[in-house]
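Here the structure comes first, spelled out in structure tokens, and everything after it is commentary.
The values are calculated or read from the model by the stated rules, or taken from the named source; none is laboratory data. In this text the structure is predicted, and so the values were computed from the model without any measurement. All Cβ positions, even for glycine, are placed from backbone atoms using ideal geometry, and neighbour counts span all protein chains on display.
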Amino acid sequence: MEETEPGRPLSDVERATLETLLSADFEGAAQLRAQIPLARVAESHASGAAPSFDIAVPGTAPRSGLREKMAPVSALAYDSDEEYTGEFILWLADGYLSGLEYAWITDEKPEDLPDPRGIEVSVKS
């Protein structure tokens, strides 16, 4: 019997969002960036294209030395009018990517992730 990988491949916007969040330079970021091509959406937290999802990464992927539950980045999202729309939390589990959460502040729940070009990323101190 052939094993199948869990979940589904990342969409282009999901991949670009992870790449943007991990563009910050912090210890362990290189290993987390190397996990992106192997990452899959394990579970979505809404119907259709969801703004938050769990991530599955195979144990053969490079493992980050980070033991925190969140990547040490601040990631603020802005729309095309440069209005703040929310922020991202990049969840980790035992050195692997485990989830992406978009906490929006808009009146209506977004159907998809915001444009990654509108994300401002910095390393938390």
**Prompt:** Within the range 63-86, how many residues turn out to be of a type in the set (Phe, Trp, Tyr) and touching a helix residue (DSSP H, G or I) at 6+ places or on another chain (Cβ under 8 Å)?
**Reply:** 1
**Item:** Output for the range 93-103, where each listed residue is crowded, with 16+ Cβ neighbours inside 10 Å and farther than 16 Å from Gln35 by Cβ
**Value:** Glu101, Tyr102
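For the range 104-125, name all the residues that are among the hydroxyl-bearing types (Ser, Thr, Tyr) and within 15 Å of Ile89 (Cβ to Cβ).
Here is the first cut: in the range 104-125, the ones among the hydroxyl-bearing types (Ser, Thr, Tyr) are 106, 122, 125.
Correct list: Ser122 only.
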**Prompt:** Tell me, which residue of the range 78-92 that is more than 13 Å from the chain's Cα centre (by Cα) and not in a loop (DSSP other than H, G, I, E, B) is surrounded by the fewest Cβ atoms within 10 Å (Cβ to Cβ)?
**Reply:** Tyr84
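Just checking, which of Ala34, Ala61, Ala75, Ala16 is surrounded by 14 or more Cβ atoms within 10 Å (Cβ to Cβ) and part of a strand (DSSP E or B)?
On the way: Ala34 fails: part of a strand (DSSP E or B); Ala61 fails: part of a strand (DSSP E or B); Ala16 fails: part of a strand (DSSP E or B).
Sole residue among the options that is surrounded by 14 or more Cβ atoms within 10 Å (Cβ to Cβ) and part of a strand (DSSP E or B): Ala75.
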**Prompt:** Which pairs have Cβ atoms under 6 Å, sit 6 or more apart or on different chains, and link a residue in the range 14-41 that is touching a residue at least 60 places away in the same chain (Cβ under 8 Å) to one that is polar (S, T, N, Q)?
**Reply:** Gly28/Ser64; Gln31/Ser64; Leu32/Ser64
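Specify the residue that is nearest to the chain's Cα centre (by Cα); the eligible residues are those in the range 99-125 that are within 16 Å of Ala16 (Cα to Cα) and part of a strand (DSSP E or B).
Going residue by residue through the range 99-125, those that are within 16 Å of Ala16 (Cα to Cα) are 99-102, 112-121.
Then drop every residue that is not part of a strand (DSSP E or B), which leaves 99-102, 119-121.
Numbers: Gly99: 6, Leu100: 4, Glu101: 7, Tyr102: 9, Ile119: 12, Glu120: 14, Val121: 12 Å.
In this case the residue turns out to be Leu100.
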**Item:** Residue check for Glu68: free of Cβ contacts under 8 Å to residues at least 12 places away in the same chain and either assigned to a loop (DSSP other than H, G, I, E, B) or of a type in the set (A, V, I, L, M, F, W, C) (or both)
**Value:** no
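Here is a list: Gln31, Gln35. Which entry is over 13 Å from the mean Cα position of the chain (by Cα), under 23 Å from Ile119 (Cα atoms) and modelled with pLDDT of 95 or more? It would help to see each step written out before you state the result.
Values: Gln35 fails: over 13 Å from the mean Cα position of the chain (by Cα).
Gln31 is the lone residue from the list that is over 13 Å from the mean Cα position of the chain (by Cα), under 23 Å from Ile119 (Cα atoms) and modelled with pLDDT of 95 or more.
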